[in-house]
Amino acid sequence: MGDQNNTKDKIQRECLNVWYKKGCKGTLELPTGVGKSRCGVLAAEYIVKLNSTASILILTPTQIIRDSAWKDEFTKWGNEDIFNKNVSAMCIQTACKYEDIHYDLVIADEIHNYIPVTDEYVYYKFFENNKIDKVLGLSASIESDLLPKLNLIAPIVFTMSINKAVDLGLVSPFKVINVPVKLTVSERFYYKKFNETFDETFGVFNKDLQLMFKCLKNKKLYREHLLKHFNAVNASPDERKALFKQYETFPYKCNEAMRERKSILYNAHHKLKMTKQFSDLFNDRKGIVFSETSKSADEIQLVLGDRCVTEHSKIRPASKRRKNIEKFQDGRTKIDRISTVRSLNEGANLKGVEFIIVASGTSKLKSFLQRTGRSIRYEAGKRAIIIRLFVKETQEEKWMISSQEGYKVHEVTDFQEAKTYLNLNP
């Protein structure tokens, strides 16, 4: 453990030295468990040594991270006085409304949440409307389309892959297992129907999802786009008139088909049974189940029973959400499962998690990396298991492949093969 801590400390200080040499404006791209938060504490400590009255703001994407995670981190490293005297923590949803405020240092936790692909993004205004001397961005993964805007405020100055972190012993080793599930007859029928509608309509938008959404909101823009499309195929005036009428509802049809297709995949009935099977297989271990809808998360909680609590944005009041997490963290309770959506993707430092079930996911590498991170925080002797459920030969399989780029994964055909591979018995 001492060697592991020494290695981690060395990496963290190396990160901060690079950040310092880049003018104290940059982002660290590090896997969960390597110590992004401690890098923030070290940066704050450095700034306060230069100026004892320095004003430091920590931006967070969620209330859970704002209210406890960072204060706990400063206390852990003996810097509670700095947190109390110099630091304020604020959700970006509030901070983005600020103007003309001066900060000596802004620590942007999960900075990818605040960076736009286009100019139409309100969170980014915080960086444009305030005077910020130094910026430390923290993230597990930054997608390439965010780099142009990120580079204007805090370009990536240090990065480490999750495989490198495993090799250095900074996080626990883990296995990723992809397990297919089948649709019911009814689900298969409707999936085919909506998938065909999506394929039929999406081509009109040059298979550009952002363009489709813009056309959905702006009829004038859609008409201009169609004119270009018709000119490209040399349509006559009479043909254009007929085509305008034929294509008029395509944005709505395309969006609805995409939404319904996702719903079928996210809420596939057989995923409930498979989730219960794996939960029973890992009976003596703590775990998290991730879904993409609150409906699925609630249904999974019912299937897993009173050993499981839910955690998602539709649970009210917020205090109930915090209590559910506390029950999971408290080893004296029987709660050893959390069924969640995306709120635990980032920032939550949950101890003792040994397995993750991704019952449904997106195509984003960032999302899968963050979810993986919930189970791989270093604990001596731990070998984490990540189960990814997907509907074979559907769009979900494509999402899964895209999100696992760079991962070593093991493919199985069913639950029994996964059990044999893991050499476990329920």
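The values are calculated or read from the model by the stated rules, or taken from the named source; none is laboratory data. All of these numbers come straight from a predicted model, not from anything done at the bench. Here the Cβ is made from the backbone with ideal geometry for all residues, glycine too, and neighbour counts use every protein chain on show. In case anyone asks, the SASA skips ligands and DNA or RNA and just uses the protein heavy atoms, side chains included. Shrake-Rupley method; radii C 1.70, N 1.55, O 1.52, S 1.80 Å.
Annotation note: Cβ proximity below 6 Å between a residue of the stretch 173-199 that is open to solvent by less than 70 Å² (accessible area, probe 1.4 Å) and a residue that is among the acidic types (Asp, Glu) (sequence gap 6+ or interchain) occurs for ASN178/GLU411; PHE194/GLU260. Criterion applied to PHE290, PHE355 was being out of contact with any helix residue (DSSP H, G or I) (no Cβ under 7 Å at 6 or more places or on another chain), closer than 14 Å to THR275 by Cα, among the aromatic types (Phe, Trp, Tyr) and modelled with pLDDT of 90 or more, and the one residue passing it is PHE355. Being open to solvent by less than 20 Å² (accessible area, probe 1.4 Å), over 25 Å from LYS262 (Cα atoms) and not in a helix (DSSP H, G or I) is a condition met by no residue of the stretch 402-422. Does the stretch 103-110 contain any residue that is at pLDDT below 95 and either of a type in the set (A, V, I, L, M, F, W, C) or surrounded by fewer than 22 Cβ atoms within 10 Å (Cβ to Cβ) (or both)? No, the stretch 103-110 has no match at all.
For residues in the stretch 34-66 being part of a helix (DSSP H, G or I) and among the β-branched types (Val, Ile, Thr), which is most open to solvent (accessible area, probe 1.4 Å)? Filtering the stretch 34-66 for residues that are part of a helix (DSSP H, G or I) and among the β-branched types (Val, Ile, Thr), the one most open to solvent (accessible area, probe 1.4 Å) comes out as ILE64. Can you say whether ALA268 is under 21 Å from PHE198 (Cβ atoms), in contact with a Ser or Thr (Cβ under 7 Å, 6 or more places away or on another chain) and small (Gly, Ala, Ser), as far as the supplied structure shows? It is false that ALA268 is under 21 Å from PHE198 (Cβ atoms), in contact with a Ser or Thr (Cβ under 7 Å, 6 or more places away or on another chain) and small (Gly, Ala, Ser). One residue stands out in the stretch 259-281 among those that are polar (S, T, N, Q) and closer than 30 Å to LYS382 by Cβ: the one that is surrounded by the fewest Cβ atoms within 10 Å (Cβ to Cβ), namely GLN277. Identification of helices (runs of 4 or more DSSP H) wholly contained in the stretch 156-275 with 1 or more residues that are touching a Lys or Arg at 6+ places or on another chain (Cβ under 8 Å) yields 162-167, 185-202, 219-232, 237-247. None of ARG332, ARG321 is assigned to a helix (DSSP H, G or I) and either farther than 18 Å from ALA384 by Cα or open to solvent by 80 Å² or more (accessible area, probe 1.4 Å) (or both) except ARG321. Given (1) within 30 Å of PHE194 (Cα to Cα); (2) at pLDDT below 90, identify the lone condition not met by THR394. Going through (1) within 30 Å of PHE194 (Cα to Cα); (2) at pLDDT below 90 one by one, THR394 breaks only (2). Scan the stretch 242-258 and tell me whether some residue there is modelled with pLDDT of 90 or more, over 29 Å from PHE368 (Cβ atoms) and open to solvent by less than 30 Å² (accessible area, probe 1.4 Å). Yes, the stretch 242-258 contains a residue that is modelled with pLDDT of 90 or more, over 29 Å from PHE368 (Cβ atoms) and open to solvent by less than 30 Å² (accessible area, probe 1.4 Å).
Residues of the stretch 391-417 that are hydrophobic (A, V, I, L, M, F, W, C) and under 18 Å from the mean Cα position of the chain (by Cα): TRP399, MET400, ILE401. Pairs are defined by a Cβ separation below 7 Å, a sequence spacing of at least 6 or placement on different chains, a first member in the stretch 282-298 that is open to solvent by 30 Å² or more (accessible area, probe 1.4 Å), and a second member that is part of a strand (DSSP E or B); the pairs so defined are ARG285/GLU354; ARG285/PHE355; LYS286/VAL353; LYS286/GLU354; ASP298/THR310. Taking the condition without any contact (Cβ under 8 Å) to a residue 12 or more places away in the chain, out of contact with any helix residue (DSSP H, G or I) (no Cβ under 6 Å at 6 or more places or on another chain) and open to solvent by 20 Å² or more (accessible area, probe 1.4 Å), does SER144 pass? Here the answer is yes, as SER144 does meet what is asked.
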